[in-house]
Every structure is written in C-alpha cells, then in structure tokens.
1. Residues being within 24 Å of the chain's Cα centre (by Cα) and either of a type in the set (A, V, I, L, M, F, W, C) or closer than 12 Å to residue 269 by Cα (or both): count how many of those fall in the range 5-34.
2. Here are 69, 114, 79: which of them is basic (Lys, Arg), touching a strand residue (DSSP E or B) at 6+ places or on another chain (Cβ under 9 Å) and not assigned by TED's automatic domain parsing to the domain that holds residue 177?
3. I'd like the residue in the range 73-101 that is surrounded by fewer than 23 Cβ atoms within 10 Å (Cβ to Cβ) and in contact (Cβ under 8 Å) with a residue 60 or more places away in the chain and, out of all such residues, is farthest from the ligand (Cβ to nearest atom).
4. Given the conditions (1) open to solvent by 50 Å² or more (accessible area, probe 1.4 Å); (2) free of Cβ contacts under 8 Å to residues at least 40 places away in the same chain, report the number of the one that residue 260 does not fulfil.
5. Residue by residue through the range 102-117, note down the ones that are over 14 Å from the mean Cα position of the chain (by Cα) and either open to solvent by 10 Å² or more (accessible area, probe 1.4 Å) or within 9 Å of the ligand (Cβ to nearest atom) (or both).
6. Name the residue, out of 152, 141, 128, that is within 20 Å of residue 193 (Cβ to Cβ) and either within 16 Å of the ligand (Cβ to nearest atom) or modelled with pLDDT of 95 or more (or both).
7. Pick out the one residue from 221, 211 that is surrounded by 16 or more Cβ atoms within 10 Å (Cβ to Cβ) and either more than 16 Å from residue 318 (Cβ to Cβ) or in contact with a helix residue (DSSP H, G or I) (Cβ under 8 Å, 6 or more places away or on another chain) (or both).
Amino acid sequence: MKKIGLVTSGGDAPGMNAAIRAVVRIACSRDLQVFGFERGWEGLLTNTFRRLTPRSVGGILHLGGTILRTSRSPEFKKREGVQKAAETLTLNNVDGLVVVGGDGSLRGALELSRETDARIVGIPATIDNDVFGTEETIGFDTAVNTAITEIDKIRDTANSHERVFIVEVMGRKRGFLALTVGLTVGAEIILVPEVKYSLENIVRTLEESSAKGKKSGIIVAAEGIGDTRKLLREIEEKTGLDVRLSISGYAQRGGHPTARSRLLANLFGNRAVELLLNKQGKRMVGLQKGRITSIELEQVCKTEKSLDLNLLRLAQTLAI
Ligand code: ADP
C-alpha cells in the first residue's frame, strides 16, 4: 500500500480535524502518501483532492469543523455516483480510503467498498452518537459539554424567575445527546424520540416538582420528539406555569473538541491506518468496553444502536 485517501462526510463534528491530523501523521510515519478528498463524497465524484502532509495538518488539532470541508451528496446515494467515486480511487492509484463521518457516511462507505478493490475503513464521527459498533463517536462528548454549559446558565435564570424551560437539543431520530445532556444537567424531564411522551406525565412531574419546593424545571428535549412550541403552549395551559423555550442551535456542532473527543480521534485514526496496513477493509473502528476495536461495516449498517433506557430511569430517580 502506497497511497491512501481521506474524506470527511455528512454532518461535521468537533474532533474531525484531530482525526485528519492523526490519520495523516500515522500514515506518513509509515511511508504512505495521503490524498485528502474535499467536500465529502463530492471530492470523490469530481476528483478534487489535495496532498496532506504532517506539516499541512499542523495547527488544526484543537479546531472544530473539518479543514477538508464536508457536504451531503445526493449523487453519491445513487449507484452510478458510487461507481464514479470508485473510478476516482482507481484513477489515482489509491489503495485505501479512510471515511470519517456519521451513519449515512458509513453506509456510503459500505456501498463504495462493494464497487472497488481499494480497502475502505470508517471512523465514526458525529455529535449524535447513533452509530452501532462503538460506544462513542468523535464529537459527541464535545456537543454534550457545549449543551451543558448553556443549560447550566439557563438553570440560573430559571431559578431566579421560577420558570420552566424546555431546552431543545439536536437529535432528529435518536436521543443519545438529549439523554446524556439531560442526565448531566439534572433535568427534571428528558424527552427522546425513542419514547413517546405523555403530556399528562409531564404535567404531573412538573406539578409534583413545584409542590416539593423546586424553584425551576428543566425539560431537555431532542428535536425529534415533535413540535416543542406546541408542547410549551400545552404545558402552560395545563399548569399555569411560566414556560420558556430555548433551542440550542448549530453551536452544538462546532467549537474546540474536548480532550475526550481528541483522544478518540487520535486512537481511531491510529487504528484505521493500522487496519489498512494489515490489508483489512470494509471495517469501522470503534470503542467497545473501553478498548479500541473494529467491526465489519456491514454489521454497523444493518444494526440499530439501542438507547440505554436504564439511564432514563436513573435520571428520573435523580430528579426527585
Ligand atoms: P452523516 O454521515 O452525518 O450521517 P448523512 O446521513 O447526510 O450524514 O450522510 C452523508 C452522505 O453519505 C450523504 O449525503 C450521502 O452522500 C451518503 N449516503 C448516505 N446514505 C447512503 C446510502 N445508503 N448509500 C450511499 N451513500 C449514502
């Protein structure tokens, strides 16, 4: 193996740059050349890349986003698109490709691995943490910390004004972020897309909270639970409480990666290059039981990661 490609795809996540740096430096230390394809799968569709060297990835370890940029590519979702990307790898004599991204990008990586002889290895990076085969994805810890910094501040004003706040965090389909954030800010209520909520239960919990002398209430809701504005009106109507809504926006996706996200990026990057050097492909690196492992991409794509509902129950107990 002489040349490998590297691409970041889908939603960006803090720590993607740390992963780029790790892959490039480990690869170069093993005498591999690295081609960085730009703007996600688009770079493979248009043959747009730049040579990455240990020096060209200097000064990026601590930066959010991705220097290779990223995109969502409808063309790549079609078989012809995947075949075109495979041709780009052949054209450039690229024998291995590291794909850094979320579940969609990893699905794309699996499709590409079926159309090329180049070995494909995935690195899970998404703030959603919704990838099977790894306990944690690059960027998740950073997004959790960004959200809790914001919600701790909201708690201050919620206490002063004796208000209830609904804080909406990212997570259209899955509630990993909302659950961890809710648990770590001591939310009175956590709403995730995986569990249909009951207005009666929410109202009862808030009324009990207030009767127990709690001065404020924090409801952490994943965006996928439905219309939080409507929920706010319904809670106000039923309880007479003063309820406010705060939607945590795109800031959750950016910012300097935490130590944890950087560490995962380094360890995942190292293992990804090792796999390629050992002539292994169609795999994704991951964290399982605290160890760096790898798993078949096929398995990753066909299995849904489950949300630990025990944590939801724990959060409820802790909020008494
Ligand atoms: P993320 O990687 O953050 O989950 P997306 O779900 O948007 O982001 O996926 C990123 C890109 O991966 C998509 O724009 C598309 O090009 C590609 N992709 C997603 N699903 C598939 C699929 N089933 N087959 C081929 N490519 C896919």
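The values are calculated or read from the model by the stated rules, or taken from the named source; none is laboratory data. Fair warning: this is a prediction, and the values are worked out from it, not measured in the lab. Here the Cβ positions follow ideal geometry from the backbone for every residue, glycine too, while neighbour counts run over all protein chains shown. Note: areas computed on protein heavy atoms with side chains; ligands, DNA, RNA excluded. Shrake-Rupley method; radii C 1.70, N 1.55, O 1.52, S 1.80 Å.
1. 15
2. Of 69, 114, 79, the one residue that is basic (Lys, Arg), touching a strand residue (DSSP E or B) at 6+ places or on another chain (Cβ under 9 Å) and not assigned by TED's automatic domain parsing to the domain that holds residue 177 is 69.
3. 93
4. All conditions are met except number (2).
5. Listed by number, the residues that qualify are 107, 108, 109, 110, 111, 112, 114, 115, 116, 117.
6. Step by step, each of 152, 141, 128 is checked, and only 128 is within 20 Å of residue 193 (Cβ to Cβ) and either within 16 Å of the ligand (Cβ to nearest atom) or modelled with pLDDT of 95 or more (or both).
7. Checking each option against the conditions leaves just 221.
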